[in-house]
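What follows is a single structure, written as structure tokens, with notes after it.
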Amino acid sequence: MIKRFSIQRTGEISMKIIWQGLKVTFGFFLVGGLVFASSVFAVLLYAKATGKEPAIFASSPTAIIATPTAAVKAAQTPAPTPVAQIKKSAMIDAPVFAQLPELPAGCEITSLTMLLNYAGIAKNKMDLAAEMPKDETPATLNADGSIASWGNPNTGFVGDVTRKTRGFGIYHSGLFPLLKHYMPQAIDITGESFDMYEQQIARDIPVIAWTTIDFNIPYKWVTWETPTGPLKTTYAEHAVLLVGYDENNVYLNDPLSGKKQVQVNKAQFIESWTAMGKQGLTYLKK
């Protein structure tokens with residue numbers, strides 16, 4: 001009887017010891033949890049007060065946020081991959097051809113000739129002029145002799161490139177199919193920032209750009225009706241091959257003068273290029 005009581009008493013003591021141990025352990029967990037919660041609250045409070053995102057909640061630096069407009073644009077025209085750090089200056093030794101005397105209105109097709117020959121595609125300006133898309137809508141005149149209606153340079157060359165009769169020019173969307181025919185990697189970068197033009201040149205890739213004959217903002221604009229609606233333009237419209245830049249200037253092969261690496265003030269050129277719709281054609285390296 002005494003032995004049985006001793007065993008029972010020993011069991012009760014053991015249970016009390018176990019129970020005390022569990023209470024102590026639970027207490028440690030409870031205190032630890034409270035400390036952790038307090039720490040998290042303090043970090044979040046600091047983030048709220050400073051506007052800085054805590055490192056433990058920071059987004060991954062490799063996260064990609066897609067924008068629908070960028071995705072649509074990329075699908076339409078592949079853009080060059082931005083260079084890590086653009087060079088402060090660059091210069092391309094591209095061949096130069098003169099539009100005169102055969103093509104008085106042929107600055108765009110002559111600039112295309114320079115671009116293709118630099119890329120290793122041996123084509124002459126006369127063959128390309130014959131292949132160039134054309135809008136053959138005839139010109140009609142107002143009573144004062146100004147143009148009332150004519151073709152659209154966004155569709156094809158307007159008028160006579162030889163200027164034996166009235167001739168005007170062609171814009172980026174009209175000329176792009178011919179460039180694309182010879183260079184499947186061709187891209188139309190019209191509307192992009194001038195930084196992209198410099199990035200192309202930094203990669204040793206020239207760019208056809210639309211400007212004016214004197215590289216200034218046009219002082220006179222004209223408007224005529226086309227088969228697709230009214231067109232506002234200037235007779236000073238011109239196209240060149242951009243081949244270089246530095247901090248203050250751009251350098252271009254000018255088909256009108258037949259000179260290469262002509263220096264033009266960058267700010268001035270950008271103003272004229274902007275006035276002409278930021279038009280540009282180039283290509284991606286294979």
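Bear in mind that the values in this text are calculations on the coordinates, not laboratory data. Note that this is a predicted model, so its numbers are computed, not measured. Ideal geometry is used to build each Cβ from the backbone, glycine not excepted, and the neighbour counts take in all protein chains shown.
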- Compute the length gained on full extension between N265 and A148: take 0.36 nm times their separation in residues and subtract their Cα-Cα distance, giving the result in nm to one decimal. 38.6 nm
- In Å³ and rounded to a whole number, note down the convex hull volume per residue for the Cα atoms of the range 68-283. 123 Å³
- At R0 = 30 Å the Cβ-Cβ FRET efficiency linking Q185 and N124, nearest 0.05, sits at 0.85
- Computed on Cα atoms, Rg of the range 188-267 relative to 2.2 N^0.38 Å comes out at 1.22
- Per-residue HN-Hα couplings for the range 90-103 [Karplus 6.51, -1.76, 1.60; θ = phi - 60°; Hz; x = Gly/Pro]: 7, 8, 10, 8, 8, x, 10, 10, 9, 6, 7, x, 6, 10
- Task: Starting from the Cα-Cα distance between E102 and N248, subtract it from 0.36 nm times their residue separation and give me the gain in nm to one decimal.
- Result: 49.1 nm
- Over the Cα atoms of the range 97-173, compute the convex hull volume and normalise it per residue, giving Å³. 85 Å³
- Message: Along the charge dipole of the range 68-283, pointing to its positive end and built from +1/-1 on Cβ of Lys, Arg, Asp and Glu, which listed residue (I270, Y197, L103) has its Cα farthest out?
- Response: Y197
- Query: Using unit Cβ charges (K, R positive; D, E negative) and no other charged atoms, how large, in debye to the nearest 20, is the dipole of the range 77-235 about its Cα centre?
  - Reply: 120 debye
- Query: Of the peptides 224-232, 278-286, how do they stack up when ordered by the mean number of other Cβ atoms within 10 Å, highest first?
  - Reply: 278-286, 224-232
- Note on the structure: Within the under-15-Å Cβ sphere about L128, not counting L128, Lys/Arg +1 and Asp/Glu -1 give a net charge of 0
- Can you give the FRET efficiency for M91 and S257, using 1/(1 + (r/R0)^6), R0 = 25 Å, r = Cβ-Cβ distance, to the nearest 0.05? 0.85
